[in-house]
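Report on the following structure.
The values are calculated or read from the model by the stated rules, or taken from the named source; none is laboratory data. All figures in this text were calculated on a predicted structure; none of them were measured in a lab. Here the Cβ positions follow ideal geometry from the backbone for every residue, glycine too, while neighbour counts run over all protein chains shown.
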Amino acid sequence: MKTPQIVFALFLLIILVSTGSHAQSVYYVSHSTSLKEDGSQAYPYHSIHRAIEKAKEDKNSVTIYLREGKYILDKPIVLTPENSCDSKTLTIKAYPEENVVLSSGISLNLKWEKYKKGIMRASVSGNPIMDMLIVNGNIRHMARFPNYDKEAVRFNGTSALATDPARVKKWKDPEGGYLHAMHKHDWGDFHYRIIGKTPKGELQLEGGWQNNRPMGIHKENRMVENIFEELDAPGEWYYSQDEGWLYYYPLPEENINEATFETPQLKHLIEIVGKESAPVKNVTIEGIELTQTVRTFMEDYEPLLRSDWTIYRGGAVIFRRTENCILHDCYIHNVGGNGIFFDKYNRHSAITGSFLTSIGASAICFVGDPAGVRSPSFRYEEFVTLDKMDRAKGPLNENHPAYCEVYNNLICNIGLFEKQITGVELSMCRNITISHNSIYDTPRAGINISEGTWGGHIIEHNDIFNTVKETGDHGSINSWGRDRFWHPDYNIMAQIVCEHPALILADIVNPIIIRHNRLRCDRGWDIDLDDGSSNYQIYDNLCLNGGIKLREGFYRTVANNILINNTLHPHLWFKNNGDVFSHNIVMTEYKPINLNGWGKMVDYNIFTDSAAYIAARRWDNDIHSIVTTVQFVDAAKGNFNVADDSEAITKGGFHNFSMNDFGVLSPHLKQKAKTPLMPVPLMANNAMDSSIMTWKGITLKSLNTLGERSATGMDVERGVYVISVDALGSPVRDFIAPNDVILGIKGIPVNNLEDLREALKHIVAKEKAEITIFRSQKEQKVIITF
């Protein structure tokens with residue numbers, strides 16, 4: 001099997017050979033003010049669009065060099081088969097050592113005057129789109145309630161009072177405002193445009209199509225914005241379209257007369273769009289900064305197959321009907337919707353070496369055509385009856401992404417405005433390789449695999465952490481199956497797979513491989529294979545906190561993974577499902593839910609805790625598994641290999657794998673990329689030890705080792721260390737996280753577990769109590785209702 005590095009090298013070789021076999025033309029684009037322009041270096045074109053039109057006329061392969069500067073686009077750059085095909089290539093790149101920016105953000109020439117209560121205002125001419133405001137390169141927040149709080153879990157601040165009639169009555173005219181709310185079960189979010197209000201103070205809304213499980217919005221997790229009366233905090237703004245006034249509350253010591261105010265005008269910056277009979281081929285976009293697109297959460301969304309998800313088919317860059325096209329070494333940031341979207345047919349195209357951050361929705365999406373799916377269902381509760389079902393294997397057509405690559409990219413701080421999003425989305429596509437990416441700080445999954453159509457993906461050498469930060473019931477790598485065999489009624493589904501086993505692999509025709517990744521999810525599972533996810537090979541992964549969940553599904557092999565402070569979570573397994581769980585390092589008891597069988601084999605594992613092993617043996621599993629003390633080489637520094645003479649290797653059959661090969665490879669990206677917090681592993685035979693305590697779904701111990709002190713940054717060995725948090729069962733998961741140190745409750749010092757037990761006696765039911773925790777190198781206060 002070719003490694004991603006080899007595949008990428010071959011891809012570049014194809015481009016180079018293709019380029020080298022044809023005559024070359026070179027054009028230049030610059031902000032030069034010369035009257036003459038012929039595309040030469042001396043007299044460059046002034047417009048990128050002009051250079052692209054010239055490239056269409058040119059029979060040669062073309063390189064377009066963009067000279068330094070910011071190019072404000074009034075329409076997207078559109079590349080078509082006339083620009084690049086089998087007989088010629090097109091490369092658009094920044095001139096060496098020069099910074100090139102493509103943006104749809106127009107500058108607002110503002111003359112400020114005082115309004116009242118610290119608010120300034122300025123007249124805006126031309127009636128531009130005013131959906132996002134960028135001040136000196138930073139996104140500012142619309143006037144909102146509650147006010148922006150960078151520490152808040154969801155939407156940077158939510159409140160049940162956001163839609164309270166008493167508050168709504170105070171708004172003179174909320175039309176044009178927005179209501180953002182989490183799903184009732186934290187399965188993503190909803191967005192609504194406010195179109196009015198009733199005399200009783202009830203909001204009149206349109207929207208809510210951004211989530212495919214319409215079960216209602218959360219009672220508390222709500223936020224409203226673009227309401228003039230809520231303009232009351234530094235950094236907030238409001239634009240009155242009728243009056244043409246921009247109102248702005250400056251940040252402390254912000255000189256708004258010298259600041260640059262910009263607002264984006266386009267949904268897309270670059271569209272690489274082929275035709276059904278002629279894909280765009282051999283285009284390279286390289287070394288360019290792409291920024292400032294409008295938010296798209298109120299655009300037309302379509303449902304993905306049988307999921308909670310709907311999606312907007314667009315992004316700052318769109319690939320549609322492409323072959324061998326690449327975006328390389330680019331910087332994408334401050335965009336209101338998706339970063340990059342591979343729409344329907346794409347082959348051998350790639351995103352490499354790029355930095356995507358401050359993204360409004362998902363970073364990179366691969367989404368095929370539902371018309372290519374046999375007997376598709378679009379809602380969780382839907383099912384095509386067997387008498388009407390197309391039972392042939394695989395896709396109906398080729399109108400989907402395949403053999404594409406996401407390689408060596410840094411993706412972080414995404415989902416600014418939408419929460420049902422991911423770092424890399426795979427839906428109705430096949431054979432996508434996601435390799436050597438660092439993905440973190442995302443409200444939902446780092447990588448999401450929607451349904452099984454049609455498999456063949458390779459997910460390897462990624463570093464994924466700080467995920468599921470604003471939602472729930474999800475994982476760093478997340479998937480669901482819900483293929484043709486799947487039915488929302490488990491008993492009916494069991495009958496279907498018994499009588500029609502060929503349906504199991506009719507959609508997921510090739511196995512999905514998850515290997516050599518480092519994963520940490522503090523509010524879910526490190527790997528979450530949900531609702532019938534089938535045909536997976538999962539091996540050599542370092543799971544730092546959340547363990548591995550397998551729900552329903554068939555033919556999954558999970559081998560030689562390290563599950564720090566966690567375990568296997570088998571949910572609703574079928575009899576004879578073909579699953580294998582072997583040679584894994586397991587540190588706590590298995591967590592089964594409603595099993596109808598234990599698969600093909602659960603054996604030859606390495607337990608660090610005797611109680612967990614004894615529990616496994618009660619289910620007649622792990623006959624050949626062992627219990628041993630596992631000493632990791634240097635857990636504090638992320639090396640979870642074990643000594644060659646360890647019983648985990650000599651008796652358990654475990655083999656070490658590289659601990660230095662996760663995440664991005666490019667030196668400039670490695671310099672920017674963060675790495676996950678390293679957990680302190682529980683030692684053997686601690687599960688029944690009195691030094692371990694479970695409270696409200698969190699596992700605790702006295703902080704009394706140098707390793708725990710080092711991991712948390714504590715000054716001395718004191719307090720109560722939070723080992724883990726049950727992502728589903730803990731009512732305090734929004735307030736307390738793994739690696740926190742509890743230092744006090746209601747002002748009572750907590751130096752150890754005994755102090756904690758004593759302090760908890762002073763709590764009464766339904767009381768709101770202040771808890772002092774140590775997190776991120778400083779003490780913080782959280783308020784918890786008991």
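The residues of the range 23-37 that are at pLDDT 95 or above, out of contact with any Pro (no Cβ under 6 Å at 6 or more places or on another chain) and either β-branched (V, I, T) or not in a strand (DSSP E or B) (or both) amount to a single one, V26. Pairs are defined by a Cβ separation below 6 Å, a sequence spacing of at least 6 or placement on different chains, a first member in the range 22-41 that is under 20 Å from D58 (Cα atoms), and a second member that is acidic (D, E); the pairs so defined are S25/D58. The single condition from (1) crowded, with 18+ Cβ neighbours inside 10 Å; (2) more than 30 Å from T322 (Cα to Cα); (3) hydroxyl-bearing (S, T, Y) that S104 fails is (2). Can you work out which of the residues in the range 591-611 that are out of contact with any helix residue (DSSP H, G or I) (no Cβ under 6 Å at 6 or more places or on another chain) and surrounded by 22 or more Cβ atoms within 10 Å (Cβ to Cβ) is farthest from V558 (Cα to Cα)? Within the range 591-611, the match that is farthest from V558 (Cα to Cα) is D609.
The residue of the range 466-482 that is farthest from A737 (Cα to Cα), among those that are at pLDDT 95 or above and among the charged types (D, E, K, R), is R482. Within the group A166, A181, A162, which residue is modelled with pLDDT of 95 or more and more than 28 Å from N334 (Cβ to Cβ)? After ruling out the rest, the residue left standing is A166. The set of residues in the range 319-333 being surrounded by 24 or more Cβ atoms within 10 Å (Cβ to Cβ) and under 28 Å from N138 (Cβ atoms) consists of L327, C330, I332. Restricting attention to the range 702-736, the residues that are modelled with pLDDT of 90 or more and among the small types (G, A, S) add up to 2.
From the list F662, F654, F632, the lone residue that is under 25 Å from T699 (Cβ atoms) and touching a Ser or Thr at 6+ places or on another chain (Cβ under 9 Å) is F654. Taking C543 as the residue in question, decide whether it is closer than 21 Å to F654 by Cα and either among the aliphatic types (A, V, I, L, M) or at pLDDT 95 or above (or both). Criteria met by C543. For the range 415-433, the tally of residues that are touching a helix residue (DSSP H, G or I) at 6+ places or on another chain (Cβ under 9 Å) and among the hydroxyl-bearing types (S, T, Y) stands at 1.
Of N437, N478, N466, all but one fail to be under 20 Å from L665 (Cβ atoms) and either buried (at least 24 other Cβ atoms within 10 Å of the Cβ) or not β-branched (V, I, T) (or both); the exception is N437. Filtered by the rule that a residue be part of a loop (DSSP other than H, G, I, E, B) and without any contact (Cβ under 8 Å) to a residue 40 or more places away in the chain, the range 216-233 gives a lone residue, G216.
Any idea which of T588, T629 is surrounded by fewer than 16 Cβ atoms within 10 Å (Cβ to Cβ), among the hydroxyl-bearing types (S, T, Y) and either modelled with pLDDT of 95 or more or assigned to a loop (DSSP other than H, G, I, E, B) (or both)? The conditions single out T629. Quick one: how many residues across the range 117-168 are of a type in the set (K, R) and over 21 Å from I359 (Cβ atoms)? So the answer is 3. When the residues of the range 338-352 are narrowed to those that are small (G, A, S) and outside any strand (DSSP E or B), which ends up farthest from Y407 (Cα to Cα)? Per the criteria, the residue is G339.
Regarding L677, is this residue closer than 24 Å to K549 by Cβ, part of a loop (DSSP other than H, G, I, E, B) and at pLDDT below 85? So L677 fails the test.
Here is a yes/no grid of residues against (1) exposed (fewer than 15 other Cβ atoms within 10 Å of the Cβ); (2) among the aromatic types (F, W, Y):
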position: D645; (1), (2): yes, no
position: I649; (1), (2): no, no
position: K672; (1), (2): yes, no
position: I692; (1), (2): no, no
position: S702; (1), (2): no, no
position: S710; (1), (2): yes, no
position: Y721; (1), (2): no, yes
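Restricting attention to the range 269-301, the residues that are in contact with a Ser or Thr (Cβ under 6 Å, 6 or more places away or on another chain) and either free of Cβ contacts under 8 Å to residues at least 24 places away in the same chain or on the phi > 0 side of the Ramachandran plot (or both) add up to 2. Among the residues of the range 516-534, the ones that are buried (at least 24 other Cβ atoms within 10 Å of the Cβ) and part of a loop (DSSP other than H, G, I, E, B) come to 8 in all.
What do you reckon, is D483 assigned to a loop (DSSP other than H, G, I, E, B) and surrounded by fewer than 24 Cβ atoms within 10 Å (Cβ to Cβ)? So D483 does not fit the description; no.
Restricted to the range 368-427, and to residues that are among the acidic types (D, E) and under 16 Å from the mean Cα position of the chain (by Cα), which residue is nearest to F341 (Cα to Cα)? Among them, the one singled out is E425.
Within the range 458-468, is even one residue aliphatic (A, V, I, L, M), closer than 27 Å to Q292 by Cα and in contact (Cβ under 8 Å) with a residue 60 or more places away in the chain? Within the range 458-468 (the criterion being aliphatic (A, V, I, L, M), closer than 27 Å to Q292 by Cα and in contact (Cβ under 8 Å) with a residue 60 or more places away in the chain), the answer is yes, since at least one residue qualifies. Any idea which residue in the range 736-750 is farthest from I698 (Cα to Cα), counting only those that are assigned to a loop (DSSP other than H, G, I, E, B), free of Cβ contacts under 8 Å to residues at least 60 places away in the same chain and within 37 Å of the chain's Cα centre (by Cα)? Ranking the qualifying residues of the range 736-750, first place goes to K746. Tell me which residues, restricted to the range 86-112, are hydrophobic (A, V, I, L, M, F, W, C), in a strand (DSSP E or B) and in contact with a Pro (Cβ under 8 Å, 6 or more places away or on another chain). Selection gives I106 alone.
Those residues that are buried (at least 24 other Cβ atoms within 10 Å of the Cβ) and assigned to a loop (DSSP other than H, G, I, E, B), I need them from the range 418-431; list them, please. Within the range 418-431, E418, K419, Q420, I421, M428, C429 meet the criteria.
For the range 267-294, what are the residues that are of a type in the set (K, R) and either closer than 12 Å to A316 by Cβ or surrounded by fewer than 20 Cβ atoms within 10 Å (Cβ to Cβ) (or both)? Result: K267, K275.
Restricting attention to the range 113-127, the residues that are in contact with a Lys or Arg (Cβ under 7 Å, 6 or more places away or on another chain) and either in a loop (DSSP other than H, G, I, E, B) or free of Cβ contacts under 8 Å to residues at least 12 places away in the same chain (or both) total 2. Looking at M693 and the list (1) assigned to a loop (DSSP other than H, G, I, E, B); (2) in contact (Cβ under 8 Å) with a residue 60 or more places away in the chain; (3) not acidic (D, E), which single condition is not satisfied? Going through the list (1) assigned to a loop (DSSP other than H, G, I, E, B); (2) in contact (Cβ under 8 Å) with a residue 60 or more places away in the chain; (3) not acidic (D, E), M693 breaks only (1). Residue check: F155 meets all listed conditions (1) more than 22 Å from the chain's Cα centre (by Cα); (2) on the phi > 0 side of the Ramachandran plot but one, namely (1).
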